[in-house]
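The values are calculated or read from the model by the stated rules, or taken from the named source; none is laboratory data. Since the structure is predicted, the reported quantities are computational estimates derived from the model, not experimental observations. Cβ coordinates were reconstructed from backbone atoms using ideal geometry, including for glycine residues, and neighbour counts include every protein chain displayed.
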Amino acid sequence: MIPYIACVLLFLIGLYVVVSKRNLIKIVIGFCLIEYAVNLFFALVGFKKGALPPIITSADQVRLGVARNFVDPVPQALVLTAIVIGLSTTALMLSLALRLYEKHKTFDVSEFRKLKG
Amino acid sequence: MESRFLPLFIAVPLAGAFLVPLLSKIWSRFADLIAGIANTVLLVVSVYTWLILRAGGVPLHYWVGGWKVIGIAMWFDALTALVVLVINIVGFCAMLYSIRYLDRYTTGRWKFYTLFLLLIAGLNGLAISGDLFNMFVFIEISAIASYALVAFGTEEEEVEAAFKYMVLGEVGGAVLLFGIALLYAHTSTLNLATLSQALATNGKTPFYWFVIATLLIGFAIKMGMEPFHAWLADAHFSAPAPISALLSGVFIKVTGVYGMCRLMFNVFGVSRAETPAFFNLLIAFGAVSMVLGGLLAYSQNDYKRLLAYSSISQIGYILVALGIGNYWGFVGALFHILAHALGKGTLFLASGSVEMQAGTRELDHLKGLERSMPFTSWAHILGSFSMAGVPPFAGFFSKLFIIIGAISARMYWLAFLAALFSAVTLSYLTKVVNVAFFAKKNEEPVRAKEAPATMVLAMVLLVALILIVGLGFQGVLNHLIGPAAKVLMNGLDYARLMLGG
């Protein structure tokens with residue numbers, strides 16, 4: 001149970017950073033925390049204590065029932081996809097942040113509020 | 001019935017997005033050509049698939065690799081048909097419009113088309129995918145493409161809007177992924193049909209409601225529903241005009257409303273009789289969006305910003321109609337998705353032409369454009385009539401059905417509110433028409449030329465469709481909207497049809 005609570009805490013810390021920080025890079029870091037929290041949660045969902053990696057090497061394993069004691073591989077595959085998506089979003093977000101830095105010479109959000117409301 | 005056409009919806013735009021950067025090195029106009037071909041093919045395939053669906057009467061499916069429910073499922077029923085048609089019609093017109101519109105930007109024609117095709121691929125993929133994780137992946141594909149497209153002009157405010165949009169959109173995406181993880185932990189399946197069966201056997205536990213709430217927050221951010229609307233006005237206001245048309249007309253409705261409907265009605269199986277709380281929530285948030293969006297639109301001075309706030313108000317209409325929860329409510333919601341996509345598409349395209357030719361979008365500086373840009377002006381005027389619900393345009397019938405739904409559910413105040421805000425919509429749109437397109441006698445009209453032919457053609461096509469949908473509403477209702485509304489009404493049939501087929 002504790003790892004799950006830790007995930008939720010990590011998510012909330014990330015959300016706090018995104019909402020309260022004024023620095024663009026810190027907002028990106030906060031977003032990364034949110035993403036890691038969700039990915040970690042998803043990976044935990046498939047975890048089983050003391051289980052084997054989900055690789056079937058021989059028909060005997062299936063026959064003897066070892067195959068039942070595998071870690072669920074699906075969340076791992078999904079988390080991998082989610083990490084790739086997260087990579088591209090982080091890259092795009094940082095490039096937008098850099099563009100904003102070029103225009104304003106600062107990362108501080110409160111300095112450049114051209115758009116309001 | 002199996003259909004081998006379904007993978008084309010994803011393969012064609014992805015192949016286009018791959019070829020555009022390669023071939024545009026040889027000749028820069030290949031970008032236009034490939035994007036044009038890809039969108040035309042998509043339009044033809046979506047109409048053709050819809051006709052097959054109409055003829056066969058059973059939903060079409062395609063199991064990638066023949067793995068059945070553990071693999072990737074593609075699913076094409078009446079609801080998908082509606083969404084896919086909306087995406088590809090507006091996508092085609094936006095593409096046609098972009099050819100000359102992109103002359104405003106000095107470089108990056110191929111970048112625009114690559115992102116554009118990725119956006120279309122994501123939306124189409126979301127519409128036809130039959131499993132939860134693919135839905136998420138396609139939402140993210142289209143969302144990432146849209147962030148980059150909002151920042152396309154790389155001016156100060158565009159980048160700023162894109163950043164704001166991106167942070168909110170990605171938090172929404174993370175919340176969606178969290179909901180998906182919860183569902184997977186609970187049911188060990190991701191296919192929508194098996195998921196729906198697993199949830200039906202579990203009953204309506206607190207967990208069920210928690211997952212619904214998580215997913216709803218994710219979709220609410222994506223659709224720009226009222227408490228989460230802050231990004232929408234900036235993003236739709238800053239994007240290039242064809243992208244604004246696509247984002248406001250299609251994107252928020254496909255990733256937000258369609259995604260929500262598919263999951264809530266077909267997977268969770270909510271229904272007015274059993275889970276009224278869910279429907280009342282939709283009505284509450286929908287009504288707030290409708291009222292606040294309409295009032296905020298009223299006070300805008302920038303033409304595109306006004307249209308963006310109006311989108312929030314129209315999303316409110318769709319949510320309210322879904323919340324009514326009877327057949328006419330669903331018909332109204334789906335009809336409004338169609339009518340608003342066509343109407344708002346026209347208005348944003350017209351706003352782009354005005355900005356391009358007159359050099360400004362500030363309402364204070366625009367006067368008497370009707371003289372110099374008759375096609376653009378009349379496209380805008382007819383589009384406004386449709387949005388405001390003037391008969392016999394498409395928008396009139398969607399609002400009529402919503403009001404019929406509200407009255408037959410005995411929610412008279414809601415019917416009154418919908419009619420009232422229809423009048424508010426009319427008043428803020430006529431404000432634009434009066435100020436920008438007609439001049440008072442003593443005023444000098446702004447000097448401008450009519451927009452280039454392809455841009456005019458894109459607007460004329462959309463207006464013609466508005467008129468066709470409005471005048472032939474009976475046919476649209478019987479062949480397109482009615483069956484789609486039945487998919488929402490008999491939500492749990494989805495699993496039966498997919499697993500039986």
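Key figures for this structure:
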read-out: Filtered residues of the range B:416-456 (kept if at pLDDT 85 or above, loosely packed, with under 15 Cβ neighbours inside 10 Å and closer than 30 Å to B:ASN39 by Cα); value: B:ALA453
read-out: Which numbered condition B:ALA273 fails, given (1) assigned to a helix (DSSP H, G or I); (2) over 29 Å from B:ASN124 (Cβ atoms); (3) free of Cβ contacts under 8 Å to residues at least 60 places away in the same chain; value: (1)
read-out: Residues being among the aliphatic types (A, V, I, L, M) and more than 15 Å from B:LEU499 (Cα to Cα) - total across the range B:53-63; value: 2
read-out: Some residue of the range A:1-11 being at the interface with chain B (Cβ under 7 Å from one of its Cβ atoms), at pLDDT 80 or above, surrounded by fewer than 19 Cβ atoms within 10 Å (Cβ to Cβ) and over 30 Å from B:GLU155 (Cα atoms); value: no
read-out: Residue among B:SER248, B:SER238 that is polar (S, T, N, Q), surrounded by 24 or more Cβ atoms within 10 Å (Cβ to Cβ) and modelled with pLDDT under 90; value: B:SER238
read-out: Given (1) at the interface with chain B (Cβ under 8 Å from one of its Cβ atoms); (2) at pLDDT 90 or above, index of the condition A:VAL74 fails; value: (2)
read-out: Search result, residues across the range B:356-394 that are surrounded by fewer than 18 Cβ atoms within 10 Å (Cβ to Cβ) and farther than 20 Å from B:GLY294 by Cα; value: B:GLY359, B:THR360, B:ASP364, B:HIS365, B:ARG371, B:SER372, B:PRO374, B:TRP378, B:PRO391, B:PRO392
read-out: Residues of the range B:404-419 that turn out to be within 23 Å of the chain's Cα centre (by Cα) and free of Cβ contacts under 8 Å to residues at least 60 places away in the same chain, as a count; value: 1
read-out: Number of positions in the range B:60-83 that are aliphatic (A, V, I, L, M) and either crowded, with 24+ Cβ neighbours inside 10 Å or not in a helix (DSSP H, G or I) (or both); value: 8
read-out: Odd one out for A:PHE31 among (1) at pLDDT below 90; (2) surrounded by 13 or more Cβ atoms within 10 Å (Cβ to Cβ); value: (1)
read-out: B:GLU158, sole failed condition from (1) over 28 Å from B:ALA453 (Cβ atoms); (2) within 14 Å of chain A (Cβ to nearest Cβ); (3) acidic (Asp, Glu); value: (1)
read-out: Pairs with Cβ under 9 Å, 6+ apart, first in the range A:15-28 and charged (D, E, K, R), second surrounded by fewer than 18 Cβ atoms within 10 Å (Cβ to Cβ) and in a helix (DSSP H, G or I); value: A:LYS21/A:ILE29; A:ARG22/A:SER110; A:ARG22/A:GLU111
read-out: Qualifying residues in the range B:199-212 (those that are surrounded by fewer than 18 Cβ atoms within 10 Å (Cβ to Cβ) and modelled with pLDDT of 90 or more) - the one nearest to the other protein chains (Cβ to nearest Cβ); value: B:PHE210
read-out: Unique residue being crowded, with 24+ Cβ neighbours inside 10 Å and small (Gly, Ala, Ser) when the list is B:SER271, B:SER310; value: B:SER310
read-out: Checking B:PHE133 against (1) surrounded by 24 or more Cβ atoms within 10 Å (Cβ to Cβ); (2) of a type in the set (Phe, Trp, Tyr); (3) more than 17 Å from the chain's Cα centre (by Cα), the condition it does not meet; value: (1)
read-out: The range B:161-171 - residue that is under 20 Å from A:VAL38 (Cα atoms) and at the interface with chain A (Cβ under 7 Å from one of its Cβ atoms) and, of those, surrounded by the most Cβ atoms within 10 Å (Cβ to Cβ); value: B:MET166
read-out: Index of the failed condition, B:ILE337 passing every other in (1) within 23 Å of the chain's Cα centre (by Cα); (2) surrounded by fewer than 24 Cβ atoms within 10 Å (Cβ to Cβ); value: (2)
read-out: Inter-residue pairs, beta-carbon under 8 Å, first more than 14 Å from chain B (Cβ to nearest Cβ) and in the range A:34-60, second of a type in the set (Phe, Trp, Tyr), 6+ apart; value: A:ALA51/A:PHE70; A:LEU52/A:PHE70; A:PRO53/A:PHE70
read-out: Test result for B:SER188, free of Cβ contacts under 8 Å to residues at least 60 places away in the same chain and more than 12 Å from every other protein chain (Cβ to nearest Cβ); value: no
read-out: Restricting the range B:20-31 to residues that are in a helix (DSSP H, G or I) and at pLDDT below 90, the residue that is surrounded by the fewest Cβ atoms within 10 Å (Cβ to Cβ); value: B:PHE30
read-out: Considering residues of the range A:84-107 that are of a type in the set (Gly, Ala, Ser) and within 8 Å of chain B (Cβ to nearest Cβ) only, the residue farthest from the chain's Cα centre (by Cα); value: A:ALA97
read-out: Set B:LEU43, B:LEU85, B:LEU118, B:LEU96: member being modelled with pLDDT of 90 or more, over 28 Å from B:GLU155 (Cα atoms), touching a Leu at 6+ places or on another chain (Cβ under 8 Å) and among the aliphatic types (A, V, I, L, M); value: B:LEU85
read-out: Unmet criterion (only one of (1) at pLDDT 90 or above; (2) over 18 Å from B:VAL487 (Cβ atoms); (3) aromatic (Phe, Trp, Tyr)) for B:PHE228; value: (1)
